[in-house]
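Q: Below are the structure tokens for one structure; questions will follow.
The values are calculated or read from the model by the stated rules, or taken from the named source; none is laboratory data. As the structure is a computational prediction, the values presented were derived from the model and not from experiment. We place every Cβ from the backbone using ideal geometry, glycine too, and count neighbours over all the protein chains shown.
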């Protein structure tokens, strides 16, 4: 499996874990340290994908773009997608990134609902 695919799977798994963490062990009381770990994991997976894609495309390393991908991915990712792919392919790639984000949000909601359902079954 390619590094980009692994990064995407990790991104989706972090989304699922984010949802589970909102309900377990206490509903809506996520420990602050866990929130930080999950936010950093999101950032790491985005940067992991960016690094793997940049390496596959043999693009020149840009320090500022790497910083933007970690610090402000909502700006850095669209910029990178348009810069590396052009307008048409950049738009399609951006739509794919938005779709993956929507899937991660859905997995988060699904994880939270699954924990609630399991908790109700055990009561």
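Q: Given 91, 122, which one is farther than 15 Å from residue 12 by Cβ and modelled with pLDDT of 95 or more? Full working, then the answer.
A: Details: 122 fails: modelled with pLDDT of 95 or more.
It is 91.
Q: Of the residues that make up region 36-48, is at least one touching a residue at least 12 places away in the same chain (Cβ under 8 Å), in contact with a helix residue (DSSP H, G or I) (Cβ under 7 Å, 6 or more places away or on another chain), surrounded by 11 or more Cβ atoms within 10 Å (Cβ to Cβ) and more than 30 Å from residue 116 (Cβ to Cβ)?
A: yes
Q: Residue check: is residue 97 surrounded by 14 or more Cβ atoms within 10 Å (Cβ to Cβ) and either over 30 Å from residue 27 (Cβ atoms) or modelled with pLDDT under 95 (or both)?
A: yes
Q: Further question: May I ask you to list pairs of residues, at least six apart or on different chains, whose Cβ atoms are under 7 Å apart, with the first in region 19-31 being in contact (Cβ under 8 Å) with a residue 40 or more places away in the chain and the second being exposed (fewer than 11 other Cβ atoms within 10 Å of the Cβ)?
A: Cβ pairs passing all conditions: 22/28.
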